[in-house]
Structures are given as C-alpha cells and as structure tokens.
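A.B. asks: Starting off with a structure, shown below.
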Amino acid sequence: MKKILNQTLVLKPENSKTNVPLSFSLEKDYERLFIRYRYFPKKVEDMDQAKREILQALEKYVPEESRAAYSGWRDYAPLVNLVTLSLDYEKEYLGCAHRHAPEQKHIISAAGSSPGFVPHPAAAGNWKIVLNVHAIIGNPVTCQVEVIGLEKGEAPDDSI
Amino acid sequence: MIQYKALEMHSHTLHSDGNFTPEELCRAAKQLQLDGIALTDHNTLSAHAYLISHPEASRIPVVTGIEWTTFFGHMLVLGAESSIDWRDAMPDTLDHYLKEIRAVNGVTGIAHPFEIGSPLCTGCHWDFAVHDWNLIDYIEVWSKAAPTTQFDNIQAFDMWTRLLNQGYKIAATAGRDWHWEGPTRLHSAATYIGVENGEVSTRSICDAIRAGRTYVTAGPVIDFQISSGQQTYAIGDSLHSGSCRGRIIVDPTVRQEIWGDFGIKVREVRIVANGDVVLSMPAEGTQESDFDLKLRPGWVRAELYGDALGETEKRIGFTSPIYVE
Ligand SMILES: [Zn+2]
Ligand SMILES: [Zn+2]
C-alpha cells in the first residue's frame, strides 16, 4: 500500500465552471488504484443567499408567462455545490463519476473499475485526475483528494 | 427498405447519476415496448464497456452514447469511434469539438437547451455559441415528462423551427432524460427513427439521424410522405419545389398500452411549411389523408394536435422535415 497523492484544495465561487487537474505518476504497476475524494460543505447553508440565487435563476430562465408555476423558490433549495472527478491515464480518458455524493471512493483496476470508470490496469505511468468544478456557491469549499496504490491482496483501509 | 422504430434517446445508469443498472435500464425500456435505447451517461462510456463484457445484460439494442455534461451546455454524442475530451470546450470554441466528433463518425445533438441552468443546474441551459449550425445533427426538442406542456420544450421547438427557417437541416428527437424508473406510468414521448430494414444499431441510428429520418410522438405513430411526379419522398428527403401530393397516416394502435392512459387524442393534423401552417385537417382515430400541396423552397413537416393530460390543443407529435429545394 502506497500513498501516491494526498492533496487538499480550497475551491471558491470563481473556480466554478473550471477544471482543476491534479497529475501524479506511478513508478510501478499496482494491482489496483484506490481514489477517495470528498468536499464540504455540500449544501449552501445561507438560505437568504439560496433564495436570492434561485429567484434570480428562475427570472433568467423561465419566461414570464410560465413563471407563476415556478414561484416556490423552496422547491429548489438547498442549493448545492458540485465537484466531479474525471480520470486519465497517459492520453486516455477513463471516465468520470458524475454524481452528487460529496464523498466518493473509487477503484481502478484491469479486473474492474468503479461505475463511471472503464476497467484499466493500475499501471506505471502518468495519471491525471481532473476535478470538474461545476458549481461553488457562496462560501469556499474544501476538497480533499487521495490516491493509494494497492498491491495484490491489499484492501483499502477504511480509516484512510 | 426503411422502417421506423421506437427509441428512448437519452438515459442514464448508476455509471453516472442514474439509479438504474444497465440491466435494469434495458428491462425498463423493454417494458415500454421500445425497440432500442441510447445510453448516454454523463461524461462516461463505462456502462457501454460493461455491456460489451456482459452482452447478456442488454436485451434490447443499445446505442453507444455519452452526454457531454459541460459547464456551458449538455450535448448528446452518439456513435463516436473514439473519445473526444469534453472538458476543454469553452463557450466560444465548441465548433472545434463538433468537428472532432464528426471526424470520428459521431453524431451530435443538443440536449434540453432551455432547461433551468446555473446555479440550479450548471450547464443544463445551452450557453454555447455555435458558429456553424451545420455541425449540429439534432436537437432534443422534447425533454423529460409531460413534454406537451413544459415551457422549455416550447422554447426548444421554436429554436429548432428558427434554425430550419435559416436553412439548416437538423433532425428532432425527444428524451426522457431517464435516470430512474420513477412512476411507471409517466407521460412522455418516444423518438421514432427510420432505419434500414428495421435494424437498430449504433451505426443505423447515427445514419438515420444524419439523414433526418426521425419523428417524435407522445401518442400515435405517423407516416408522412410527399409524391411528386413518379417519386415519393419521406421524412429527411429533399424534393424540388412546386405542386405535389402529400399523404399522412396517423395510427393510434401502436404501443397504445404505454401512452393510452394520458388522455391523448389527436384532433387535428397540421402541415407546416417554413414555419407557417399551410394545411389543417381534422383527425380522429386511424387517419389516412391525401392532400395537394404547393411547396416553396425550405421545409415541410407534419404536426399532430389534440388532447393531452386533460388539456386541449396541445402539440402531441411532429416529424422532422422533408426539405424543399
Ligand atoms: Zn443533461
Ligand atoms: Zn441527461
């Protein structure tokens, strides 16, 4: 078991709609790659801000004659931050875990990868995680990314 | 010989943010009496990799696709023979990527262009500048449930019509944007696609969309043709302007168990040319109508109107155009 990457980033609203690459390389082949990332807070706690942003969006996107049906801003609260993780090996795109859970664990291996990623050996070479920062609303979001190389028979330690 | 097949053109599994396994999605699609499904997970092809290694999992033809879930718009890409990176497209640089997709035989459609966007749903609203609309093969004109009434679908329909009026040849599709099974009796639409010998595959569906052979319906199936001289022209074909004879068949007996509970009743068939209604015919039950048309250059399509979900005078279905030169 080898810790390959352990990085903490602070993402701000101005990072919304950008991709943040995190490169790492493996000196040798592993049996599996274990990737964990989490970010918090997930929800925008400031309800006044949520209300303001939601009403603004409804005004922007819903034509006036249809707006009556969309008056309840609470239907869209709470607003949430969204950061997804995509992965490349050398020049090859392996996939993305596009879902809302703010804490995710993924396995990459030739025998099978977690949903969102194609099976791929945890091979020596250049790897790239790309954080897809879809939305950071309001307060900064702390994002932690860890990558661990697992040898045959090793399991990811849940306390990591 | 072209046969039209019913497809769901926009779906997700737990390989992105859906609840379906690929097996469950295929099973649900079969229950809807569909002939095929485009599996278009957000930013990943891993469900397709799974289906290739577990061929027994798909009991229905699955079209290879991906939903480019970018920050500036969602785009359905079907049949691309190698993966083009969705992450670098910026609001003003999309054409470059559209060309790259085309170079690997992919077909591109804009998904739910008028869905409420950022910050409620980043990228759900279409904000890309497309400089050459010839690079867009289709628009998902109807999205999600109750497509006959939602404002965003009406806006998407108008956008599509505007582009046709500008001379672009763009097919129309519908998509449930299917993420989970949900209420089984959901009022939605199907996309019918005209494929060679009725064979549904990634290749045949891409070819058909490129050729404009699609129509969308929340109810009856449609057959729309125009005859001129000795020739008959079908959806997606091009004919010369002038006098011709149109023919439309509306058949409510197909897949009626699926849509029959939503109070859908066709009352009127309209023929629309270059954005204007040129002919309106009352309709009821199975309908076969022949009519004279005088066509000017541009396009002509058929539209069905009637009752849906307790409302009247709703658009229930529409064809992609027959083009006029
Ligand atoms: Zn989408
Ligand atoms: Zn979708």
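The values are calculated or read from the model by the stated rules, or taken from the named source; none is laboratory data. Just so it is clear, the structure is predicted and the values come from calculations on it, not from any experiment. Backbone-built Cβ (ideal geometry, glycine too); neighbour counts: all protein chains shown. The protein model used for the area step is the full one, side chains on, heavy atoms only, and it has no ligands, DNA or RNA in it. Shrake-Rupley method; radii C 1.70, N 1.55, O 1.52, S 1.80 Å.
A.B. asks: Please specify each residue of segment A:81-103 satisfying the condition of being closer than 21 Å to A:LYS12 by Cα, in contact with a strand residue (DSSP E or B) (Cβ under 6 Å, 6 or more places away or on another chain) and open to solvent by 10 Å² or more (accessible area, probe 1.4 Å).
C.D. replies: A:LEU82, A:HIS98, A:PRO102, A:GLU103, listed by residue number.
A.B. asks: Regarding B:PRO55, is this residue away from ligand 1 (no atom under 16 Å from the Cβ), open to solvent by 30 Å² or more (accessible area, probe 1.4 Å), more than 14 Å from every other protein chain (Cβ to nearest Cβ) and at pLDDT 95 or above?
C.D. replies: For B:PRO55, the condition - away from ligand 1 (no atom under 16 Å from the Cβ), open to solvent by 30 Å² or more (accessible area, probe 1.4 Å), more than 14 Å from every other protein chain (Cβ to nearest Cβ) and at pLDDT 95 or above - is not met.
A.B. asks: Let me ask something else. Return yes when A:ASP157 is among the acidic types (Asp, Glu), within 23 Å of A:LEU26 (Cβ to Cβ), in contact (Cβ under 8 Å) with a residue 12 or more places away in the chain and not assigned by TED's automatic domain parsing to the domain that holds A:PHE24 and no when it is not.
C.D. replies: So A:ASP157 passes the test.
A.B. asks: Can I ask one more? So, in segment B:282-315, exactly how many residues are within 24 Å of B:GLY263 (Cα to Cα), among the hydrophobic types (A, V, I, L, M, F, W, C) and modelled with pLDDT of 95 or more?
C.D. replies: Of the residues in that region, 2 qualify.
A.B. asks: Hey, could you check segment B:106-126 for residues that are away from ligand 1 (no atom under 12 Å from the Cβ) and among the aliphatic types (A, V, I, L, M) and say which is nearest to the other protein chains (Cβ to nearest Cβ)?
C.D. replies: For segment B:106-126, the residue satisfying everything is B:LEU120.
Condition check ((1) assigned to a strand (DSSP E or B); (2) surrounded by fewer than 19 Cβ atoms within 10 Å (Cβ to Cβ)) across all residues:
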{"residue": "B:VAL200", "(1), (2)": "no, no"}
{"residue": "B:ARG203", "(1), (2)": "no, yes"}
{"residue": "B:ILE209", "(1), (2)": "no, no"}
{"residue": "B:GLY212", "(1), (2)": "no, no"}
{"residue": "B:VAL216", "(1), (2)": "yes, no"}
{"residue": "B:SER227", "(1), (2)": "yes, yes"}
{"residue": "B:SER243", "(1), (2)": "yes, yes"}
{"residue": "B:VAL269", "(1), (2)": "yes, no"}
{"residue": "B:SER280", "(1), (2)": "yes, yes"}
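A.B. asks: Within segment B:89-120, can you find the residues that are within 16 Å of ligand 2 (Cβ to nearest atom), in contact with a Leu (Cβ under 9 Å, 6 or more places away or on another chain) and farther than 18 Å from B:GLY79 by Cα?
C.D. replies: B:ILE116, B:LEU120, listed by residue number.
A.B. asks: Can we say B:HIS125 is at negative phi and surrounded by 21 or more Cβ atoms within 10 Å (Cβ to Cβ)?
C.D. replies: yes
A.B. asks: Further question: Does B:HIS42 fit the bill of being within 16 Å of ligand 1 (Cβ to nearest atom) and within 30 Å of B:GLN225 (Cβ to Cβ)?
C.D. replies: So B:HIS42 does not fit the description; no.
A.B. asks: Is it the case that segment B:147-168 has a residue that's within 14 Å of ligand 2 (Cβ to nearest atom) and open to solvent by less than 20 Å² (accessible area, probe 1.4 Å)?
C.D. replies: Within segment B:147-168, none of the residues are within 14 Å of ligand 2 (Cβ to nearest atom) and open to solvent by less than 20 Å² (accessible area, probe 1.4 Å).
A.B. asks: Could you please tell me which pairs satisfy a Cβ distance under 6 Å, a separation of 6+ or placement on different chains, a first residue in segment B:1-16 that is assigned by TED's automatic domain parsing to the domain that holds B:ILE60, and a second residue that is among the basic types (Lys, Arg)?
C.D. replies: Cβ pairs passing all conditions: B:GLU8/B:ARG176.
A.B. asks: Separate question: For segment B:127-144, how many residues are within 30 Å of A:VAL133 (Cβ to Cβ) and away from ligand 1 (no atom under 12 Å from the Cβ)?
C.D. replies: So the answer is 12.
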